[in-house]
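Right, one structure below, let's go through it.
The values are calculated or read from the model by the stated rules, or taken from the named source; none is laboratory data. Quick caveat, the model's predicted, so the values are computed rather than measured. We place every Cβ from the backbone using ideal geometry, glycine too, and count neighbours over all the protein chains shown. Each accessible area value is taken on the protein alone, full model and side chains, heavy atoms only, with ligands, DNA and RNA left out. Shrake-Rupley method; radii C 1.70, N 1.55, O 1.52, S 1.80 Å.
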Amino acid sequence: MCGIVGYVGNRDVKEVLLSGLGKLEYRGYDSAGIALTTKKEIQIIKENGRLEKLEKKTKNMNIQSNLGIGHTRWATHGKPSDLNSHPHFNKDKSIVLVHNGIIENYLELKNELIKEGYDFISETDTEVIPHLIQKLYQGSALETLKLLQERLRGSYALAILFNNEPDTLYCIKKDSPLIVGKGKDENFIASDIPAFLEYTREVIILEDKQMAKITADEVKIYDENGEEVATETKEITWSIAAAEKGGYDHFMQKEIFEQPKVIRDTLSGRLSALTTDVQLFDTKLDINHFNRIYFVACGTAYHAALIGKSLIEKMIRIPIEVDVSSEFRYKDPIVDNKTLVVVISQSGETADTLAALRLAKEKKATTLGIVNVVGSSIDRESDITLYTSAGPEIAVASTKAYTAQLVCIYLLTLYIALKKGKMTEPEFEEAKKEILGLSHKVEMVLEKVEDIREIAKKYYKSKNVFYIGRGMDYYVAKEGSLKLKEIAYVHSEAYEAGELKHGPIALMENATLVIGILMDDRLIEKTISNLKEVKARGAKVLVIAEEGTDLSDTADSVIYIPSTKKEFSSVLANIPQQLIAYYMSIFLENDVDKPRNLAKSVTVE
Ligand code: M6R
């Protein structure tokens with residue numbers, strides 16, 4: 001994710017940048033750095049690790065400057081390290097910049113620049129940009145940025161300094177946020193408003209492909225052709241505390257609404273290059289070497305693993321073993337040097353999952369980590385890593401990380417299918433189209449937020465909730481049930497729909513809430529019968545189903561979601577479950593972001 005800031009004016013630039021970065025640390029905290037223009041040169045100070053290290057390092061530095069930029073990093077390309085930290089210079093240190101986003105064609109650009117004699121010192125995608133600017137520069141910064149945008153693919157918010165223009169800050173953006181804060185004789189830029197809210201409430205929100213030229217007394221915005229455009233200045237009325245959550249009431253709510261972008265970021269550049277390992281993993285994977293595959297994880301990540309099993313077995317017809325990490329580590333699992341153990345973890349620090357990974361390595365397995373936090377223990381110790389690009393997840397209840405894990409599992413499934421020759425070109429193209437369409441479909445589900453809130457209001461007093469489904473829908477149901485327990489503190493269980501009559505149906509009474517997940521068209525009729533059975537015994541029935549599913553006489557409430565290929569429906573079916581749990585928790589007046597007895601990262605056994 002990453003956060004960027006910039007300032008031009010008469011305050012202590014270093015202090016403005018550091019305080020802004022402090023407000024953006026939620027966007028990443030792998031490293032922090034600043035660049036300041038001084039009379040002689042542009043000076044960079046950066047530190048691997050959290051912002052406080054940079055604050056300590058710069059505490060007694062008194063740097064005379066009126067212009068600077070800063071960055072807090074969420075590592076994507078290249079591990080957290082001094083060299084990979086931003087800002088990044090070009091070769092003669094005349095251009096420096098900070099970047100939030102992912103440059104999808106960086107490898108192609110890097111090869112081109114290396115052939116032309118440019119040297120690279122980091123593993124980042126970002127470093128191609130200052131070199132490319134140097135190559136394109138013909139005397140006009142704006143003209144160069146116009147050409148630069150034509151060459152970059154992917155997402156970027158860039159703040160750029162040229163040492164021959166010591167009073168001017170340049171910015172461009174596409175698919176990553178960038179906001180200008182307008183002050184009196186001073187101006188600011190940042191990835192998010194809280195970074196400068198203590199100084200100004202007047203903002204301009206830059207649109208994609210716009211370019212900004214900013215001095216202390218002027219902000220000029222240009223379109224991608226270099227034509228100056230008129231912009232609207234808005235006044236921010238939120239408090240600083242509300243602004244940190246981007247105007248949302250809770251981090252969980254914010255993270256739920258970030259999911260369309262998370263899907264795009266996790267897919268970024270990967271679907272089109274699925275056969276080249278290097279775009280997908282951080283090192284090569286020889287999938288045909290293995291005769292057994294395990295998925296191991298805890299909690300929500302375990303539920304993503306179950307979807308992985310279902311998908312791979314269905315699409316590729318190879319058996320997959322799945323275990324929760326705390327079971328795997330003590331069951332003496334059948335693992336050897338022909339086994340691939342896939343561990344899934346948002347934090348990359350979960351004690352049981354880390355122990356499972358170490359056990360797998362002891363037994364000579366190859367380990368693949370699907371991890372959100374770059375540089376975490378599981379990332380470092382896995383032989384191979386496939387990163388989810390969810391950005392920092394702050395709410396204890398995992399939402400966007402689960403979605404990113406599912407997207408990675410979809411990518412992994414297609415990768416294995418292609419490598420094993422289990423997918424034809426048209427099948428691949430169809431799957432690709434479905435996956436690419438998911439982010440928009442998630443947006444469509446999120447538009448139903450008010451209806452879902454009303455449904456949560458109707459049922460939040462339920463004392464017992466059952467989530468039921470068949471096949472993959474059952475695994476989705478498990479995630480819905482966990483979320484409800486975790487933040488609403490409502491007792492709930494997930495059941496395979498067909499199992500109800502073997503015992504749990506005895507618990508059905510007036511007003512028991514049963515939530516049915518009905519995405520698998522082969523099994524819908526069967527699950528509908530099970531729902532009718534519980535309804536006949538007094539239960540209230542809420543169904544999550546594809547548009548067009550006939551639920552007359554079955555459901556008391558329905559949340560329809562856009563139709564999609566059932567293999568990839570879990571992402572969509574889960575969104576209403578997140579919102580139901582979120583709003584029930586709100587109506588029950590719980591602490592949504594920090595539920596009782598829980599921690600974000602479970603580093604004990
Ligand atoms: O960081 P991890 O993905 O390894 O965490 C695993 C579980 O602790 C986590 O998913 C937990 O179940 C969540 N709080 C669920 O929302």
Problem set entry | Condition check for GLU479: at pLDDT 95 or above and in a helix (DSSP H, G or I) | yes
Seminar exercise, completed: Residue count, the stretch 572-603, condition within 16 Å of the ligand (Cβ to nearest atom), assigned to a helix (DSSP H, G or I), out of contact with any Gly (no Cβ under 9 Å at 6 or more places or on another chain) and aliphatic (A, V, I, L, M), comes to 3
Exercise. On the given criteria, is LEU306 open to solvent by less than 20 Å² (accessible area, probe 1.4 Å) and either away from the ligand (no atom under 16 Å from the Cβ) or not in a helix (DSSP H, G or I) (or both)?
Worked result: no
For this session: Identify, from the list LEU152, LEU147, LEU136, LEU142, the residue that is surrounded by 19 or more Cβ atoms within 10 Å (Cβ to Cβ) and at pLDDT 95 or above.
Result: LEU152
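For the structure I just gave you, tell me whether ASP82 is in contact with a strand residue (DSSP E or B) (Cβ under 8 Å, 6 or more places away or on another chain) and either open to solvent by 20 Å² or more (accessible area, probe 1.4 Å) or under 16 Å from SER176 (Cα atoms) (or both).
So ASP82 passes the test.
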Exercise. Would you say ALA494 is among the aliphatic types (A, V, I, L, M), within 16 Å of the ligand (Cβ to nearest atom), open to solvent by 10 Å² or more (accessible area, probe 1.4 Å) and free of Cβ contacts under 8 Å to residues at least 60 places away in the same chain?
Worked result: yes
Problem set entry | the stretch 395-427: number of residues that are free of Cβ contacts under 8 Å to residues at least 60 places away in the same chain and in a helix (DSSP H, G or I) | 3
Problem set entry | Residue satisfying condition, being surrounded by 16 or more Cβ atoms within 10 Å (Cβ to Cβ), among the hydroxyl-bearing types (Ser, Thr, Tyr) and at pLDDT 95 or above, within set SER563, SER570 | SER570
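Within the stretch 108-118, is even one residue of a type in the set (Val, Ile, Thr) and buried (at least 23 other Cβ atoms within 10 Å of the Cβ)?
Among the residues of the stretch 108-118, not one is of a type in the set (Val, Ile, Thr) and buried (at least 23 other Cβ atoms within 10 Å of the Cβ), which makes the answer no.
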Exercise. List the pairs whose first member sits in the stretch 343-363 and is more than 9 Å from ALA297 (Cβ to Cβ), whose second member is among the aromatic types (Phe, Trp, Tyr) and near the ligand (Cβ under 9 Å from one of its atoms), and whose Cβ atoms are under 9 Å apart, counting only residues at least 6 apart or on separate chains?
Worked result: GLN346/TYR402
Problem set entry | Leading residue by the ranking (farthest from the ligand (Cβ to nearest atom)) among those in the stretch 316-352 that are in a helix (DSSP H, G or I) and open to solvent by 40 Å² or more (accessible area, probe 1.4 Å) | GLU327
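Evaluate the following for VAL442: is it β-branched (Val, Ile, Thr), more than 12 Å from the ligand (Cβ to nearest atom) and at pLDDT 95 or above?
On the way: β-branched (Val, Ile, Thr): yes; more than 12 Å from the ligand (Cβ to nearest atom): yes; at pLDDT 95 or above: yes.
The answer is yes for VAL442.
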Seminar exercise, completed: the stretch 167-211: strands (runs of 3 or more DSSP E) wholly inside it with 1 or more residues that are under 24 Å from the mean Cα position of the chain (by Cα) and not hydrophobic (A, V, I, L, M, F, W, C) are 169-174
Problem set entry | Candidate set: the stretch 502-550, residues that are touching a residue at least 40 places away in the same chain (Cβ under 8 Å), under 21 Å from SER310 (Cβ atoms) and among the polar types (S, T, N, Q); chosen: the one surrounded by the most Cβ atoms within 10 Å (Cβ to Cβ) | THR527
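Name the one entry in THR554, THR512 that is in contact with a helix residue (DSSP H, G or I) (Cβ under 7 Å, 6 or more places away or on another chain), closer than 21 Å to ALA456 by Cβ and polar (S, T, N, Q). Even if it seems obvious, please write down each step before you answer.
On the way: THR512 fails: in contact with a helix residue (DSSP H, G or I) (Cβ under 7 Å, 6 or more places away or on another chain).
Being in contact with a helix residue (DSSP H, G or I) (Cβ under 7 Å, 6 or more places away or on another chain), closer than 21 Å to ALA456 by Cβ and polar (S, T, N, Q) holds for just one of THR554, THR512, which is THR554.
Looking for whichever is free of Cβ contacts under 8 Å to residues at least 12 places away in the same chain and basic (Lys, Arg) here; the options are LYS46, LYS53, LYS40. Which one fits?
Numbers: LYS46 fails: free of Cβ contacts under 8 Å to residues at least 12 places away in the same chain; LYS53 fails: free of Cβ contacts under 8 Å to residues at least 12 places away in the same chain.
The unique qualifying residue is LYS40.
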Problem set entry | Unmet criterion (only one of (1) away from the ligand (no atom under 15 Å from the Cβ); (2) part of a loop (DSSP other than H, G, I, E, B)) for PRO392 | (1)
Problem set entry | Residues of the stretch 395-404 that turn out to be within 8 Å of the ligand (Cβ to nearest atom) and open to solvent by less than 10 Å² (accessible area, probe 1.4 Å), as a count | 4
Exercise. What number goes with the only condition from (1) more than 16 Å from the ligand (Cβ to nearest atom); (2) modelled with pLDDT of 95 or more; (3) touching a helix residue (DSSP H, G or I) at 6+ places or on another chain (Cβ under 9 Å); (4) farther than 30 Å from LEU507 by Cα that CYS408 does not pass?
Worked result: (1)
Exercise. Just for the stretch 252-301: of the residues that are more than 16 Å from the ligand (Cβ to nearest atom) and β-branched (Val, Ile, Thr), which one is most open to solvent (accessible area, probe 1.4 Å)?
Worked result: VAL278
Problem set entry | Scope the stretch 128-159; condition touching a Leu at 6+ places or on another chain (Cβ under 8 Å) and touching a residue at least 60 places away in the same chain (Cβ under 8 Å); matching residues | ALA157, LEU158, ALA159
